[in-house]
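Have a look at the structure below before the remarks.
The values are calculated or read from the model by the stated rules, or taken from the named source; none is laboratory data. Everything quoted here is computed from the prediction, not taken from an experiment. In this analysis, Cβ positions are derived from the backbone assuming ideal geometry, glycine residues included, and neighbour counts consider all displayed protein chains. Just so you know, the surface numbers come from the protein's heavy atoms only, side chains and all, with ligands and any DNA or RNA stripped out. Shrake-Rupley method; radii C 1.70, N 1.55, O 1.52, S 1.80 Å.
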Amino acid sequence: MVRKLLVDLSQGFPRHWLAGKAFRTQFFNALSMSFPVGEQEFIDSVRASARSLPAEAKYASLHATIQDFVGQEATHRRIHSLYNAELEKQGLVNHWQHWAADMIALGNKRNVPEISKLAVTAAFEHYTAVLADLTLRYPAVLEGADPMLATLWRWHAVEETEHKAVAFDLYRALGGSYKKRVRWYAFAMSRLNVMATRQTINNLWHDGVLFKPGTWIDAARFFFGRHGLVWLTAIPLLRYLKRDFHPWQHDNRELAADWLTANSEHYSIVRGPKEA
């Protein structure tokens, strides 16, 4: 299902929109900066690989979920482009989009096979699915957030949850190996952690709070506190290394459905089951 998010980013939002805390605000802002380029690459990767998927009845469901995946990611790309435009007005500089574009260009120059690009997409989709689960499962992660941006991030989390197995299932249907999947996962996670760290630090620099003690106290709590990202993501991220792993072994569709039911006024359906 493809939805339109009914929020108006044109009026802007607070500089420290997440509970007035600089570090966690700029961490989420950094993630947003990666999405337009990254999600376009995910779309391109899945589309290119899907051309090799036989048009057989047993793959009909996968073909349908691929269509929804493309529609949802295109919508995310548009919303986060608007989000990032506001960040530019606030004086932040999006370097991540250029780092990602350069990495994609290098992969194309080296003729990285489509199945390997799909493995990278599946890896990033697992990471975003883990973060999505946290934002839906633990209200403390976005506690005190500007209501509009809390809605935006949780809407995004819902749709990442819905399509979290698409790239993985396509990779497996095309005969992708376990060894290649794990190798590209290690590559993707290392690149993501480096770029997320660099962009967050750059955001804090432009925000004028990089050297304030409170910034790093907030960082320590964000990563290592009671609901710290390190404790909440470590095991879910490591599960990807299991040979028999599948995204729906952790079935959290009920969380997504609950949010959609409680927040129906914040979105409209662009393409639903009847139109798919």
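At-a-glance table
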{"read-out": "Matching residues, the range 47-59, being touching a helix residue (DSSP H, G or I) at 6+ places or on another chain (Cβ under 6 Å) and either open to solvent by 40 Å² or more (accessible area, probe 1.4 Å) or assigned to a helix (DSSP H, G or I) (or both)", "value": "48, 49, 50"}
{"read-out": "Search result, residues across the range 192-228 that are touching a helix residue (DSSP H, G or I) at 6+ places or on another chain (Cβ under 7 Å), open to solvent by 50 Å² or more (accessible area, probe 1.4 Å) and either under 21 Å from residue 35 (Cα atoms) or part of a loop (DSSP other than H, G, I, E, B) (or both)", "value": "227"}
{"read-out": "So residue 38, is it surrounded by fewer than 18 Cβ atoms within 10 Å (Cβ to Cβ), within 30 Å of residue 215 (Cβ to Cβ) and touching a residue at least 40 places away in the same chain (Cβ under 8 Å)", "value": "no"}
{"read-out": "Pair list, Cβ < 7 Å and 6+ apart or interchain, from the range 76-103 residues that are under 30 Å from residue 1 (Cβ atoms) and in a helix (DSSP H, G or I) to residues that are open to solvent by less than 10 Å² (accessible area, probe 1.4 Å) and of a type in the set (Ser, Thr, Tyr)", "value": "80/32; 83/32; 84/32"}
{"read-out": "Residues of the range 60-74 that turn out to be touching a Leu at 6+ places or on another chain (Cβ under 8 Å) and either farther than 15 Å from residue 174 by Cβ or open to solvent by 50 Å² or more (accessible area, probe 1.4 Å) (or both), as a count", "value": "1"}
{"read-out": "Residues that are open to solvent by less than 40 Å² (accessible area, probe 1.4 Å) and of a type in the set (A, V, I, L, M), drawn from the range 85-100", "value": "87, 92, 100"}
{"read-out": "Single condition residue 269 does not satisfy, out of (1) among the aliphatic types (A, V, I, L, M); (2) farther than 19 Å from residue 68 by Cβ; (3) out of contact with any helix residue (DSSP H, G or I) (no Cβ under 8 Å at 6 or more places or on another chain); (4) in contact (Cβ under 8 Å) with a residue 60 or more places away in the chain", "value": "(2)"}
{"read-out": "Test result for residue 126, in contact with a Pro (Cβ under 7 Å, 6 or more places away or on another chain) and closer than 30 Å to residue 268 by Cβ", "value": "yes"}
{"read-out": "Top-ranked residue in the range 6-35 [being under 16 Å from the mean Cα position of the chain (by Cα) and among the hydrophobic types (A, V, I, L, M, F, W, C); ranked as surrounded by the fewest Cβ atoms within 10 Å (Cβ to Cβ)]", "value": "31"}
{"read-out": "Tabulated pairs, the range 160-177, first closer than 13 Å to residue 115 by Cβ, second open to solvent by 40 Å² or more (accessible area, probe 1.4 Å) and in a loop (DSSP other than H, G, I, E, B), C-beta under 8 angstrom, 6+ apart or interchain", "value": "174/52"}
